[in-house]
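Down below is the structure, laid out as structure tokens.
The values are calculated or read from the model by the stated rules, or taken from the named source; none is laboratory data. For clarity, every value in this text was computed on a predicted model and none was experimentally measured. Glycine gets a Cβ as well: all are built from the backbone with ideal geometry, and neighbour counts include every protein chain shown.
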Amino acid sequence: MFLAILPVALSAIMAALASDEPQYTKDFTDVIFDGLIIAVLLPIVTMVLATMSFRHELDDRTLSYLVLKPIPRAMIVVPKMLAAVIAGGLLVIISGVVSTVIGPESSIQAVLAVGIALLVGVVTYTAIFTWAGLVSSRALGFALIYVFLWEALVTSLLEGARYLSIRGYVLAIANGIDGERFDSIDDRVIEFPAALILSATLSALFFWLTVRRLNRMDVP
Amino acid sequence: MTISPERNPSFESEPVIDVRNVSKWFGNLVAVNEVSLQVYPGITGLLGPNGAGKTTLLHMIAGLSNASTGEIRLLGEPVRSNPGIYHQIGGMSEHESVYGFYTGRQFVEFNARLQGINQIESAVDRAIQSVGMTEAQDRPLNTYSRGMSQRMRLAATLVHDPQVLILDEPLNGTDPHQRIEFQNLMNRLAEEGRTILISSHILEEVEAQAERILLMVNGKLAASGNIRAIREKLDQRPYKVRILADNPRSLASALLQTDVVESVTIDPDDAIVVLSRNVSVLQQSVPSLARDLGIRLFRVEPLDESLESVFSYVVER
């Protein structure tokens, strides 16, 4: 919750202190939107919620109550992911949208861009981290390494790696929906259609992997 | 080894549970080793000491885990990746975890909904009534005793009226009265033509309700067949009993004169170790002999009552 309030509070402070509009917009996008909401809040919130989707039931051995039922495994995975998307999405999207409203060049299009981009990010991360939580009891640790090593470090150093970065997809989608408001990140985002297709593909792939894992794993 | 031939007429039909050459290993540990067995309608007991591989085998039969090799079919169908089959199967695992925030009734309702039952209320009423938990049904599960929790879990397992029941140590935590009720319930369900596979590590528990047993030792099926035949073999087994008394030599000499004692030794601690094939008679003989001879008894204890030793005996035979 503190993490979700932080961008809002910083946006308010920046708005109060801002004078130079173009620089303010660039700083807001770099520091609050990209640096805090997309790089920190989004992955951490979804990571915690999604890796725990099955973990509790695996640890206390109650998962058998679900899998010993005549329901397709996908119908077990969907509500789990939906719950993580709704809980995580509410927190991340509200934080992002409120920060955008407070921030520079606020418009309905900018709010939509942020909301949709963050929703795509929440869904994609949730799909990956739900699978990770089912595969390993140390998923949270691996997820942290992935987020801070791959998403934060590698993709900022290697341009091609942005095609395999959820952070990159979120930025590209926001930029694709409202190019004017997010023009300061033009030079470091991939193509809008590519971001949509890749995030949808990754989400579908990891959803399928999660269902497959639930079908094949030994349930304690 | 098979102790006695199968004589149940229903065995001529297709087995309800058919396990063929199934093995399961975890890394270098072989938990289940080349097990083949068939289970038919009625009550079958899966018996074995802790660590024998019973739970691993039941998990594979219930579809909770994959066999490393071999094939398992229930009602003629593979059970893995076949969720539809759970309309006809009720599985109860050994672990007693429940959703503690539910009341007993809500827990059974939750299972009924997942089973896709139409008449939920009546099905839940019937299941809870069958395990004698009607009065406590509205209490949260985390306030139940172990035995009550087991009974409510059983109600949740029975709520969709399954044809096949796979129950892993269902009597854990239940008291003698509850055990009798459980046995009556299982007998009733078996008479209705259901197939019930119950695991236990307690011979007497299985003996009281199963006509047929499957005996597992060290991951292998050591014996299968009619429980009376297996029991007869067990009764022929010599037991060791250790006796501590204030005059061991006199007592040992007197014990050797009885019919039930095969041999008597006195160990360095002056404890008498008696080998007998009739422990129940020996239990009566020792106190009366001691009283007649004016000897004080300090302790009488079996040395090899463990299930492992019983199973070892059966297997070695």
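Selection within segment A:72-95: residues that are within 14 Å of chain B (Cβ to nearest Cβ), hydrophobic (A, V, I, L, M, F, W, C) and touching a helix residue (DSSP H, G or I) at 6+ places or on another chain (Cβ under 6 Å). The member of this set that is surrounded by the fewest Cβ atoms within 10 Å (Cβ to Cβ) is A:Ala74.
Answer with yes or no whether B:Ile213 is crowded, with 16+ Cβ neighbours inside 10 Å and modelled with pLDDT under 80. Considered against the rule, which asks whether it is crowded, with 16+ Cβ neighbours inside 10 Å and modelled with pLDDT under 80, B:Ile213 comes out as no. Residues in segment B:66-79: is at least one touching a Leu at 6+ places or on another chain (Cβ under 7 Å), in the same structural domain as B:Val30 (by TED's automatic domain parsing), more than 16 Å from B:Arg153 (Cα to Cα) and surrounded by 15 or more Cβ atoms within 10 Å (Cβ to Cβ)? The answer is no; no qualifying residue exists. Taking every residue in segment B:60-71 that is within 17 Å of A:Pro70 (Cα to Cα) and pairing it with any residue that is of a type in the set (Asp, Glu), at least 6 positions away or on another chain, the pairs with Cβ-Cβ distances below 8 Å are B:Leu64/A:Asp218; B:Ser65/A:Asp218. Do you know which of the residues in segment A:104-159 that are among the polar types (S, T, N, Q) and buried (at least 18 other Cβ atoms within 10 Å of the Cβ) is nearest to A:Met14 (Cα to Cα)? So the residue we want is A:Thr155. Filtering A:Ser53, A:Ser19 for residues that are more than 14 Å from chain B (Cβ to nearest Cβ) and within 30 Å of B:Leu167 (Cβ to Cβ) leaves a single hit, A:Ser53. In the set A:Thr29, A:Thr25, only one residue is more than 20 Å from A:Ile93 (Cβ to Cβ), in contact with a helix residue (DSSP H, G or I) (Cβ under 8 Å, 6 or more places away or on another chain) and not aliphatic (A, V, I, L, M); that residue is A:Thr25.
If you check B:Glu181 against the conditions, is it under 13 Å from the mean Cα position of the chain (by Cα) and in the same structural domain as B:Glu94 (by TED's automatic domain parsing)? First the steps, then the outcome.
Numbers: under 13 Å from the mean Cα position of the chain (by Cα): no; in the same structural domain as B:Glu94 (by TED's automatic domain parsing): yes.
Here the answer is no, as B:Glu181 does not meet what is asked.
Exactly one residue out of A:Glu191, A:Glu151 is of a type outside the set (A, V, I, L, M) and out of contact with any Pro (no Cβ under 9 Å at 6 or more places or on another chain): that is A:Glu191. Against the test of being of a type in the set (A, V, I, L, M) and either closer than 30 Å to B:Thr157 by Cβ or part of a helix (DSSP H, G or I) (or both), the options B:Leu275, B:Leu185, B:Leu244 yield a single qualifying residue, B:Leu185. Residues that are within 14 Å of chain B (Cβ to nearest Cβ), at pLDDT 85 or above and farther than 27 Å from A:Leu112 by Cα number at least 3 in the following helices (runs of 4 or more DSSP H) confined to segment A:127-220: A:192-216. Of all residues in segment A:76-99, none satisfies being in contact (Cβ under 8 Å) with a residue 40 or more places away in the chain and assigned to a loop (DSSP other than H, G, I, E, B). Selection over segment A:26-68 of residues that are over 30 Å from B:Val79 (Cβ atoms) and in contact with a Pro (Cβ under 6 Å, 6 or more places away or on another chain) gives a count of 4. When segment B:87-135 is examined, which residues are found to be of a type in the set (Gly, Ala, Ser) and touching a residue at least 12 places away in the same chain (Cβ under 8 Å)? Residues satisfying the conditions are B:Gly90, B:Gly91, B:Ser93, B:Gly100, B:Gly104, B:Ala112, B:Gly116, B:Ala123, B:Ala127, B:Ser130, B:Gly132. Restricting attention to segment A:26-72, the residues that are more than 17 Å from the chain's Cα centre (by Cα), within 19 Å of A:Arg213 (Cβ to Cβ) and part of a helix (DSSP H, G or I) total 10. Determine whether segment B:109-118 contains at least one residue that is out of contact with any helix residue (DSSP H, G or I) (no Cβ under 9 Å at 6 or more places or on another chain) and closer than 18 Å to A:Pro70 by Cα. Within segment B:109-118, one or more residues are out of contact with any helix residue (DSSP H, G or I) (no Cβ under 9 Å at 6 or more places or on another chain) and closer than 18 Å to A:Pro70 by Cα.
Test of understanding: among B:Leu47, B:Leu58, which residue is within 14 Å of chain A (Cβ to nearest Cβ) and either within 21 Å of A:Pro220 (Cα to Cα) or crowded, with 21+ Cβ neighbours inside 10 Å (or both)? So the residue among B:Leu47, B:Leu58 that is within 14 Å of chain A (Cβ to nearest Cβ) and either within 21 Å of A:Pro220 (Cα to Cα) or crowded, with 21+ Cβ neighbours inside 10 Å (or both) is B:Leu58.
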